[in-house]
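A.B. asks: Provided herewith is a single structure, encoded as structure tokens, for subsequent inquiry.
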Amino acid sequence: AQKYVLTKYFQGEPKRTDFQIVKEELPELKEGEILAEAEYLSVDPYMRAYMIGYKLPADMIGGQVAKIIASRNKKYDVGKYVTGSFGWRTHTIVNPDGNQTGMLPITLLPDLGSYPVSLALGVLGMPGNTAYFGLKEICQPKPGETIVITGAAGAVGSHVGQIGKSLGCRVVGFAGTDDKCQYLEKELGFDRAFNYKTVNIRAALKEGCPKKVDCYFDNVGGEISSTIMNYMNKYGRVAVCGSISSYNDVNVPKVSILQPAIVFKELKVEGFLVNRWTDRWDEGINANLNWLREGKLKYQEKVYHGFENMVDALVGMLRGENTGKAVVKVK
Ligand code: NDP
């Protein structure tokens, strides 16, 4: 068994030399425990942001889909799959009954039929629930309203847009390449998508949002968010989901002052963490699974290969190589 240990705090982009891969001996299973072998590991933006809060050396955090290869727990049969916040490690021994204190609950995967189990890290997992609860609970969009999404072609953003369309809203996205924008408009049914690296944001908003913006699902923060919030309607709602535009910054950049827009437009701006809805976790997963089966929810994955390439995958995702969810197939 192997695991990643972070030994140096990130400076700018994560580097392979910030980590050590450490071998582990696996002890015998105790009553109630399972041994799970990782099949897919997740690389997510929060990993870049959170590890600065840990005392080093620290085991690398992260979600994974793992196959149960030995079990002394009647509810968890060998051959079934679980998801859990097991970190960047090939094998995990855990008692799922007594260990629901991780970032996310340990969940036995439902039968996904012909869908790949990796979806449990994407549309049928944490990013899917972030989209589902973040949009519905924080933005509370009504039919006919306009939703703007940044980070729109990523795991969370691409999902938010599709829920927005199914709720009868106008959906406008910002993403980092023309190909991603094409995909959002042609495949996912976004009304408009703009490449934030090449357009003037205000001009794009004017063109894409004739009735201005009622809901803003903010995945990136920074200057673009200030511009969008200044283009909102009165009583607009902002779901502050993430601020990836600053995660790799050594010096946090200056952004335009936002308070006048918040006051005069009487905006409701709310940050959230998806684990607020841990007790409703299955509701989100099941809703997304139903949409998937009905053909209303499309997905893409960027699959990296090899446990030894975790850091490249993390950096690739932070650089925007992914459309949809970035995952690593362990073997
Ligand atoms: P994504 O799949 O969206 O991957 C990250 C994407 O961010 C990249 O593909 C890239 O796309 C974009 N990006 C990178 N740098 C910048 C930049 N400087 N400005 C704008 N976009 C950039 O990741 P997720 O869907 O997993 O996460 C999206 C956001 O949601 C993150 O901020 C994350 O922290 C947050 N999040 C929050 C949760 C919560 O509970 N609050 C839970 C899950 C995620 P591009 O080519 O478009 O630049």
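Throughout, read-outs are computed from the coordinates displayed, never taken from laboratory work. Everything quoted here is computed from the prediction, not taken from an experiment. Neighbour counts run over all protein chains shown; Cβ positions are idealised from the backbone, glycine included.
A.B. asks: Based on the alpha-carbon set only, what is the convex hull volume of the range 126-274 divided per residue, in Å³?
C.D. replies: Numbers: hull volume 15.4 nm³, N = 149.
So the per-residue Cα hull volume is 103 Å³.
A.B. asks: Specify the inter-centroid distance of the range 194-218 and the range 145-161, based on alpha-carbon positions, in whole Å.
C.D. replies: Cα centres, the range 194-218 to the range 145-161: 12 Å.
A.B. asks: To the nearest whole percent, what portion of all C-alpha pairs in the chain is separated by more than 31 angstrom? Don't skip to the end; give the middle numbers.
C.D. replies: Numbers: 17651 of 54615 pairs.
Every Cα pair in the chain considered, those over 31 Å come to 32 percent.
A.B. asks: Per DSSP H run of n ≥ 4, the term is -39500 (n - 2.57); total these for the chain, divide by its residue number, and report the mean residue ellipticity at 222 nm rounded to 500 deg cm²/dmol.
C.D. replies: -7000 deg cm²/dmol
A.B. asks: Given a cut-off of 18 Å, what percent of all Cα-Cα pairs of the range 1-88 lie beyond it? It would help to have the intermediate numbers written out before the result.
C.D. replies: Working: 1927 of 3828 pairs.
Taking all Cα-Cα pairs of the range 1-88, the fraction more than 18 Å apart is 50 percent.
A.B. asks: How large is Rg over Rh for the range 272-331, taking Rg from the Cα atoms and Rh as the Kirkwood inverse mean of 1/r across Cα pairs? Before the final figure, lay out the partial values.
C.D. replies: On the way: Rg = 14.7 Å, Rh = 13.6 Å.
Checking Rg against Rh, the ratio lands at 1.08.
A.B. asks: Testing the spin-label approximation: label points 7 Å from Cα along Cα→Cβ at Lys75 and Arg202. State their distance in nm.
C.D. replies: Going from the Lys75 label point to the Arg202 one covers 5.6 nm.
A.B. asks: Over every pair of different alpha-carbon atoms in the range 96-211, take the mean of 1/r and invert it; report that Kirkwood radius in Å.
C.D. replies: Details: mean 1/r = 0.0648 Å⁻¹.
About 15.4 Å, per the Kirkwood formula over Cα pairs.
A.B. asks: Could you tell me which Cys residues in the chain have no other cysteine's Cβ under 4.7 Å from their own Cβ, answering none if every one has a partner?
C.D. replies: Unpaired cysteines in the chain: Cys169, Cys181, Cys209, Cys241.
A.B. asks: Right, here's the next one. Relative to the Cα centre, what is the charge dipole magnitude of the chain, using +1 at the beta carbon of each Lys and Arg, -1 at the beta carbon of each Asp and Glu, and rounding to the nearest 20 debye?
C.D. replies: Working: 41 positive and 36 negative charges, 148 e Å.
Around 720 debye, computed over the chain.
A.B. asks: Please report Rg over Rh for the range 199-294, where both radii come from the alpha carbon positions and Rh follows the Kirkwood definition.
C.D. replies: When Rh is taken as the Kirkwood radius, the ratio is 1.05.
A.B. asks: Along the charge dipole of the range 126-274, which of Thr130, Ile262, Ile201 sits closest to the positive end, that is, farthest toward it, with unit charges on the beta carbon of Lys, Arg, Asp and Glu (+1, +1, -1, -1)?
C.D. replies: The residue sitting farthest along the positive end of the dipole is Ile262.
A.B. asks: Stretched out fully, how many nm does the piece from Asn95 to Ala58 gain, at 0.36 nm a residue minus the Cα gap?
C.D. replies: Numbers: separation 37, 0.36 × 37 = 13.32 nm, distance 2.13 nm.
Fully extending the segment from Asn95 to Ala58 adds 11.2 nm.
A.B. asks: Give the calculated FRET efficiency between Lys8 and Glu37 to the nearest 0.05, with a Förster radius of 25 Å applied to their Cβ-Cβ distance.
C.D. replies: Details: r = 28 Å, r/R0 = 1.13.
Step by step, r from the Cβ atoms, then E = 0.30.
A.B. asks: Please tell me which of these pairs span more than 32 angstrom C-alpha to C-alpha: Lys180/Lys268; Lys15/Lys136; Lys55/Lys197; Lys75/Lys329? Display every interim value, and only then the final one.
C.D. replies: Numbers: Lys180/Lys268 29 Å; Lys15/Lys136 37 Å; Lys55/Lys197 36 Å; Lys75/Lys329 26 Å.
Listed pairs above 32 Å: Lys15/Lys136; Lys55/Lys197.
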